[in-house]
Amino acid sequence: MRSRQFPRARMDCLSREFGDDVLVYDLQRDVGHCLNSTAAAAWKLCDGNNSPPQIARTLSRQLSARVDESVVLLALDQLADAHLLVEPEVPVERLSRRVAIRRIGIAAAVVLPLVTSIVAPTAAQTASCLHNLQPCTANAQCCSNLCLLNRCVGG
Amino acid sequence: MKKLDRLDWAEVITLSAFGVRAGVRVNVSGVLPRVLPLLPPGWEKAHRSIVQRLYSLVVAQGCERPGLRRLHVLYADTMQVARDAALDQVLATLETDLHRYTAEATSDVTFLHAGVVGWQGRAIVFPGRSLSGKTTLVREMLRLGATYYSDEFAVVDSSGLVHPFARPLGIREDSSYAQTKYTAERLGAASGVKPLPMGMAVICKYEAGARWQPAPLSQGQGALELLANSVAVRSRPHQTLRRLHKLVRHSVFIQGTRGEAQEAAASILNLSCARNRLETA
């Protein structure tokens with residue numbers, strides 16, 4: 001239970017600040033994440049020594065606005081979903097997102113935490129593929145992913 | 001490879017593009033001049049014969065006989081990548097595969113799958129996958145006076161500047177999937193030569209009849225979109241992230257759904273003008 005009580009950020013990811021946001025690249029899963037300012041600030045405070053109420057207090061000081069513990073729990077929930085926290089050994093009871101947002105209310109003083117993720121593409125996915133009727137030898141070469149009788153079909 | 005090596009090769013070229021060395025060999029004389037325009041823009045002849053990837057093009061020779069189709073075959077190292085009766089189609093596959101390999105293998109620069117034009121000393125970048133309408137938008141921007149950089153790749157160096165990858169634009173006529181190649185000059189536009197800082201990145205998708213109403217995107221969200229179109233992010237994540245960081249330093253991001261390209265292209269150039277004016281004020 002300690003992991004959720006004292007959440008710890010994974011240290012084996014690449015991260016860089018882009019304006020107010022932080023871009024995190026998970027080298028193990030090849031997934032990129034964009035953490036908005038609130039999520040990023042919460043993530044940085046996940047050092048295994050701070051509890052959610054402590055994180056909320058520190059965030060309030062940093063952002064010069066009252067940050068409710070529910071905001072922190074919502075951030076932790078999203079960070080955990082994105083596998084950016086060290087996994088707890090024992091499964092923990094999670095606060096549903098809907099409940100968290102209801103608790104926060106509509107008058108939150110800070111931007112709600114948001115983590116956006118994408119799976120990093122393979123090289124083949126990012127380069128132009130072969131179009132309809134272009135010769136091919138494998139499905140992966142074709143935009144349609146269908147190579148039939150050595151010709152791409154569709155796409 | 002040994003079997004291929006034993007064939008008689010009439011013409012061979014070794015080239016270097018963005019630090020990647022590749023070779024193309026053909027078993028029939030007179031075919032190589034048709035290969036040269038398909039090589040990556042900015043390629044140079046390499047003097048070393050050791051290459052990272054060797055293409056072997058086996059052109060079918062002899063007369064066609066009834067009931068027997070003679071096929072041209074293309075190998076990338078030992079892997080067969082195309083086999084077809086139409087040589088033009090096999091050459092098109094050679095171009096696609098070679099450009100893709102160069103984009104993946106180079107560490108000198110970072111390739112993003114994107115269209116790029118130059119406008120008032122800044123690059124406008126449109127990241128997107130195949131068939132996302134990059135070329136259509138680039139072509140429309142050229143019509144409005146922008147400079148051509150690429151309809152395929154944004155090439156980013158270690159300082160975050162965008163270099164041209166000005167291959168001829170592959171334009172799909174009407175509803176056909178077949179592409180016709182046009183140089184920027186043939187479309188009445190100039191091709192860029194100088195590397196440019198990125199001023200704006202536009203994340204858009206096409207939807208028939210949609211009205212172009214772009215919204216701003218945060219720098220992190222924009223960088224994530226660029227990451228999603230980075231060719232070598234899996235093999236070189238540190239380098240990609242570092243270069244993206246430099247690339248987006250002074251740029252803004254917008255996103256939206258576009259209908260016809262004319263409306264979006266004019267709006268994007270106007271936005272870019274307004275931004276440049278604000279910056280110089």
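Just so it is clear, none of the values below were taken in a lab; they were calculated from the coordinates. Computed from a predicted structure; not experimentally measured. Note that each Cβ is placed from the backbone with ideal geometry, even for glycine, and that neighbours are counted across all protein chains shown.
Quick notes on this structure:
- Dipole axis of the protein assembly as shown (+1 Lys, Arg; -1 Asp, Glu on Cβ), positive-most option in B:Ala261, B:Ala228, A:Ser51: A:Ser51
- Percent of Cα-Cα distances greater than 30 Å, calculated over the stretch B:110-280: 10 percent
- Fluctuation leader among B:Arg48, B:Arg139, B:Arg100 - chain B, Gaussian network, Cα springs under 10 angstrom: B:Arg48
- C-alpha long axis of helix B:237-247 to longest principal axis of chain B, angle in °: 50 degrees
- All aspartates and glutamates inside 14 Å of A:Lys44 as judged from Cα atoms, apart from same-chain residues fewer than 8 positions distant: A:Asp12, A:Glu17, A:Asp20, A:Asp21
- Sequence of B:Asp8, B:Asp84, A:Asp77 once ranked by neighbouring C-beta atoms within 10 Å, starting from the fewest: B:Asp8, A:Asp77, B:Asp84
- Helix B:87-105 vs. chain B, principal-axis angle (Cα, 0 to 90°, nearest 10): 60 degrees
- The stretch between B:Glu263 and B:Leu278, if pulled fully straight at 0.36 nm per residue, gains 3.1 nm over its current Cα-Cα span.
- Prolate/oblate/rounded call for the stretch B:203-246, Cα gyration tensor, a/c under 1.5 rounded: oblate
- Amide N proximity, the stretch B:240-257 versus B:Ser159 label position 7 Å along Cα-to-Cβ, cut-off under 11 Å: none
- Low-density loop positions, GluC sites (Glu not before Pro), the stretch B:1-105 - DSSP coil, at most 14 other Cβ in 10 Å: B:Glu64
- In this rough spin-label picture, where each label sits 7 Å from Cα along the Cβ direction, the A:His83-A:Gln62 distance is 2.5 nm.
- DSSP finds beta bridges in the protein assembly as shown, and of those with both partners inside it, around 80 percent are antiparallel.
- For the residue pairs B:Lys45/B:Lys134; B:Lys134/B:Lys181; B:Lys45/B:Lys194; B:Lys3/B:Lys181; B:Lys2/B:Lys181, the C-alpha atoms sit more than 25 angstrom apart in B:Lys45/B:Lys134; B:Lys3/B:Lys181; B:Lys2/B:Lys181.
- Amide H contacts of B:Ala184 (H built 1.01 Å from N, under 5 Å, at least 5 apart or other chain): B:Leu169
- Under 5 Å between amide hydrogens, built in the peptide plane, is the criterion, and for B:Met200 it picks out B:Ala123, B:Val125, B:Val252 among residues at least 5 positions away or on other chains.
- Helix-derived mean residue ellipticity, 222 nm - over the protein assembly as shown, DSSP H n ≥ 4, -39500 (n - 2.57), to 500: -8500 deg cm²/dmol
- Derived scalar couplings ³J(HN,Hα) [the stretch B:200-209; Karplus, 6.51 cos²θ - 1.76 cosθ + 1.60; whole Hz; x for Gly, Pro]: 8, 10, 10, 9, 9, 10, 9, 9, 3, x
- Using R0 = 22 Å, the C-beta based FRET efficiency linking A:Gln54 and A:Arg16 works out to 0.25.
- Using θ = phi - 60° in the Karplus curve 6.51 cos²θ - 1.76 cosθ + 1.60, the 3J(HN,Hα) couplings for the stretch B:254-263 round to 10, 9, x, 9, 10, x, 5, 5, 4, 4 Hz; x is entered for Gly and Pro.
- All distinct Cα pairs of the stretch B:1-139 go into the 1/r average, and the inverse of that average, the Kirkwood radius, is 16.8 Å.
- Cα shape, the stretch B:76-176, gyration tensor, a/c 1.5 rule: oblate
- Remark: spin-label model distance B:Lys194-B:His238 equals 3.4 nm, labels positioned 7 Å along the Cα→Cβ axis.
- Ranked by how many other beta carbons lie within 10 Å on average, peptides A:28-39, B:107-118, B:224-235 from highest: B:107-118, B:224-235, A:28-39
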